[in-house]
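Step one of this worksheet: look at the structure below.
The values are calculated or read from the model by the stated rules, or taken from the named source; none is laboratory data. Everything quoted here is computed from the prediction, not taken from an experiment. Neighbour counts run over all protein chains shown; Cβ positions are idealised from the backbone, glycine included.
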C-alpha cells in the first residue's frame, strides 16, 4: 500500500496511471475527493479497479481517516498486489500519510519555487516527492524548485515524472516495489495530526460575528 497526496491539479492521477503501467502488477486505487471527481473514468479506461469517495462538507483528511481501513479491506478482498490511495489534497495543511506506509507527495514545478516550503505535512513527511511538469520550465528553474523541496524535506527521495510521456515513472515503480506488505492498518498512526476544526461553522452556522462563533476558534491580532 502507498499513499499519494499533493495540491490540486499537480498531476497525481497521471503519475499513478504511469506508475501502474510500470509496476506490471494488479493495482487498485481508492480516490478521495471533495465535491466531485472525474478520475474514475480515467482509471477504468486503463483497466484499474477504483473506488471513489467524496467528503462533501467534511474535511478531506477526516474523511480519509474514517474510510481508509475499509479501503484496505476492499483491496485485500480483491486480491490486489498494490493498493494506492489518492487524496484530495485541497489544503496545504493536509496530512494523509500513515506511519509505516510508503508516502508519496506530488508537486507541480509550475506552482512557484517557494511553493514546496508552503506545503505542510503531506510534503514534509513524505518518503518520495515527485515533481511534475518539469519539462515546461527551464533547467535552472527545475534545480531551484528541487532545492526548495529539499529545504522542506531533507530525507525524501526526489524524482521527476512526466505524466504525459511516463518518463521517470520506472524509478518511482522501483521505490514503490520496496513498500512493505500489509494485511491491516488497525492501530496504525497518521504521521501528523489532521487539521483541527470543531466550531459552530463546522455544524452549519453561516452568520458572521463573535456572538455566533463557538468552539475551537483562532483569532488574529491586528495592529492598532
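Do you know which residues across the stretch 195-215 are surrounded by 10 or more Cβ atoms within 10 Å (Cβ to Cβ), assigned to a loop (DSSP other than H, G, I, E, B) and more than 26 Å from the chain's Cα centre (by Cα)? Give the derivation first.
Within the stretch 195-215, the subset surrounded by 10 or more Cβ atoms within 10 Å (Cβ to Cβ) is 195-202, 205, 212-215.
Next, from what is left, pick out any that are assigned to a loop (DSSP other than H, G, I, E, B): 195-198, 200-202, 205, 213-214.
The answer is 200, 205, 213, 214.
On the given criteria, is residue 77 surrounded by fewer than 20 Cβ atoms within 10 Å (Cβ to Cβ), without any contact (Cβ under 8 Å) to a residue 12 or more places away in the chain and part of a helix (DSSP H, G or I)?
On the way: surrounded by fewer than 20 Cβ atoms within 10 Å (Cβ to Cβ): yes; without any contact (Cβ under 8 Å) to a residue 12 or more places away in the chain: yes; part of a helix (DSSP H, G or I): yes.
Yes; evaluated as a whole, the condition is true for this residue.
Test residue 223 against the stated conditions and say whether it is loosely packed, with under 12 Cβ neighbours inside 10 Å, modelled with pLDDT under 90 and more than 20 Å from residue 101 (Cβ to Cβ). First the steps, then the outcome.
On the way: loosely packed, with under 12 Cβ neighbours inside 10 Å: yes; modelled with pLDDT under 90: yes; more than 20 Å from residue 101 (Cβ to Cβ): yes.
It is true that residue 223 is loosely packed, with under 12 Cβ neighbours inside 10 Å, modelled with pLDDT under 90 and more than 20 Å from residue 101 (Cβ to Cβ).
All of 172, 159 fail the test of being part of a helix (DSSP H, G or I) and either within 29 Å of residue 76 (Cβ to Cβ) or in contact with a strand residue (DSSP E or B) (Cβ under 6 Å, 6 or more places away or on another chain) (or both), apart from 172. Inclusion of residue 10 among residues that are part of a loop (DSSP other than H, G, I, E, B) and closer than 17 Å to residue 169 by Cα is warranted. When 28, 71, 100 are screened for being assigned to a helix (DSSP H, G or I) and within 26 Å of residue 177 (Cβ to Cβ), only 71 passes.
Go over the candidates 154, 126, 224 one by one and state the one that is touching a residue at least 40 places away in the same chain (Cβ under 8 Å) and either under 21 Å from the mean Cα position of the chain (by Cα) or part of a loop (DSSP other than H, G, I, E, B) (or both). Please lay out each step first, then the result.
On the way: 154 fails: touching a residue at least 40 places away in the same chain (Cβ under 8 Å); 224 fails: touching a residue at least 40 places away in the same chain (Cβ under 8 Å).
Selected residue: 126, the only one of 154, 126, 224 that is touching a residue at least 40 places away in the same chain (Cβ under 8 Å) and either under 21 Å from the mean Cα position of the chain (by Cα) or part of a loop (DSSP other than H, G, I, E, B) (or both).
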